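Worksheet: the structure to be examined is printed underneath.
The values are calculated or read from the model by the stated rules, or taken from the named source; none is laboratory data. Note that the coordinates shown come from a computational prediction; the quantities given were computed from them, not determined experimentally. Cβ placement follows ideal geometry from the backbone for every residue including glycine, while neighbour counts extend to all protein chains displayed. Heads up: the accessible areas ignore ligands, DNA and RNA and are worked out on the full protein's heavy atoms, side chains in. Shrake-Rupley method; radii C 1.70, N 1.55, O 1.52, S 1.80 Å.
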Amino acid sequence: MEQYEPDRLTPAQTAAMRRSLRNGRAAMTRRSLLRASAGGALAVGGIGALSGCGIPAAGKTQGGTSAEDHSATEKTLNFSNWTEYIDLDDSGKHHPTLETFRRRTGISVKYTEDINDNNEFFAKIKPQLAAGQDTGRDLVVLTDWLAARVIRLGWVQKLDPSNLPHAYTNLSPQFRNPDWDPGRAYSYPWQGIPTIVAFNKKALDGIEVKSVSDLLDNPKLKGRVSFLSEMRDTMGMTLLDMGKDPAKFTDDDFDAAIARLQKAVDNGQIRRFTGNDYTSDLTKGDIAACVAWAGDIVQLKNDSPDVDFVIPDSGYMTSTDNMLVPNKARHKTNAERLIDFYYEPEQAAALAAYINYATPVEGVKPYLAKIDEDAANNPLIVPDKAMQARSHSFRALSQKEETAYEEKFAKLTGA
């Protein structure tokens, strides 16, 4: 169990916070995709809440606190999600999948787009969670590292498998057993977030790019390569390229990856570390190749025939945004029914067609093909088994590791 001491932010952690808010995942809309990690919980609201006031140690590291479930008599559900992260009709006012859920179940969903950043949202709900009070929310969506943290703190409830038959059956094997929630006892993915290698074919002018090594070592690409300013994405892809497993790496492995990247910084191979602002440079050809977020590339390929991507033989990184039921939620069963609803392939297809993330639901492809055949055939949206097998996740970090790694990464990037 981690203990949280009332330490102040280190300079590196402060830099990570500012970097994320300026141009990292925190700065993005749905069309740029992805979500803020900003060095894990060591960022704006989360670190401020953790270190400024201190978090009381949870009495247990698993199993949240239930409340009296009013689902049987109150046909409602409060759902907090990220902005622009669900399907909309042509009017831009209604969510067709939520309307389908209401018609089928009689449960009305109060859907609130009040998550703009993991840390900011965590700071908002932390006082109630720490005090053992109802947050007013029955379902929330958190990125994997923060989901891991609230599970460890004992602040979310264990899900009832009897209410999740579709979720249990249709969850992709790729997402079934994260180290922070084995077997998905407390969470189910809303969407997956792949990190890949992208390039501009015209700018490459015949240069072959198939791996992170090509970005780091090919002198013909000197000064025309960028990596991401998010630690887990850049370090994960580099570790994979070095034959290391991002789910099992050591301090020495991390240091070796830092050294490899530092060499490329020092000799001018890496032009810069970016948030989603790499998209403009990639489209124009100012950047020839880069480590990129798949959602951006799905969109860019629609607009620019020169932009393309490759999945390195070493694999690629995937994180997830996840649905969880907070402690003291008033409508837990209703929340579980909604989770299960989105694991019906037809509903998952409707969602994927609109937001273009990697769906975590098996069996989506034939339903998505009826809506958007190109999306159904896009491995970044519907990963096939070969694609799934090449996916890797960054392991959960202790507070000590988080601090040390973020400081080293900040020094590398000049943040």
- [ ] Please say if segment 271-415 is rounded, prolate or oblate, where rounded means a/c under 1.5 for a ≥ b ≥ c the square roots of the C-alpha gyration tensor eigenvalues, and otherwise the choice is prolate for a/b larger than b/c and oblate otherwise?
- [x] oblate
Task: Peptides ranked, highest mean first, by Cβ atoms within 10 Å: ranges 102-108, 287-293, 184-190 - done: 287-293, 184-190, 102-108
Task: Of all accessible heavy-atom area on segment 93-166, the percent that carbon and sulfur account for (1.4 Å) - done: 48 percent
Open item on the list: Give the aspartates and glutamates whose C-alpha is closer than 19 Å to that of Lys411, dropping any in the same chain fewer than 8 places away, or say none.
Closed with: Glu230, Asp233, Asp251, Asp252, Asp253, Asp255, Asp266, Glu401, Glu402
Open item on the list: Rounded, prolate or oblate, given the Cα gyration tensor of segment 212-267, with a/c below 1.5 counting as rounded?
Closed with: prolate
Task: Percent breakdown of C-alpha pair distances by 5 Å bin, ordered from the shortest bin, for segment 182-331 - done: 2, 9, 18, 20, 18, 12, 8, 5, 4, 2, 1, 0
Task: Residues of segment 94-194: accessible area per residue with a 1.4 Å probe, Å² - done: 37 Å²
Open item on the list: In 5 Å bins starting at zero, report the fraction of Cα pairs in segment 157-204 per bin as a rounded %.
Closed with: 4, 16, 24, 19, 8, 6, 5, 7, 6, 3, 2
Open item on the list: Apply the a/c threshold of 1.5 to the C-alpha gyration tensor of segment 61-196 and tell me whether it is rounded, prolate or oblate.
Closed with: rounded
TODO: Could you do me a favour and compute the accessible area per residue for segment 227-287, 1.4 Å probe, result in Å²?
DONE: 38 Å²
TODO: Would you list which lysines come within 19 Å of Lys385, measuring only between C-alpha atoms, while excluding same-chain residues fewer than 8 positions from it?
DONE: Lys365
Open item on the list: Contact order normalised by length for segment 262-414, with contacts defined as Cα pairs under 8 Å and 6 or more residues apart; what percent is it?
Closed with: 22 percent
Task: Solvent exposure ordering (accessible area, 1.4 Å, most first) of Phe79, Phe309 - done: Phe309, Phe79
TODO: Just subtract the alpha-carbon distance of Lys411 and Ile371 from 0.36 nm times their residue separation and send over the number in nm, one decimal.
DONE: 9.8 nm
TODO: Run down the lysines and flag those whose C-alpha is under 16 Å from the C-alpha of Lys75, throwing out any fewer than 8 positions away in its chain.
DONE: Lys110, Lys332
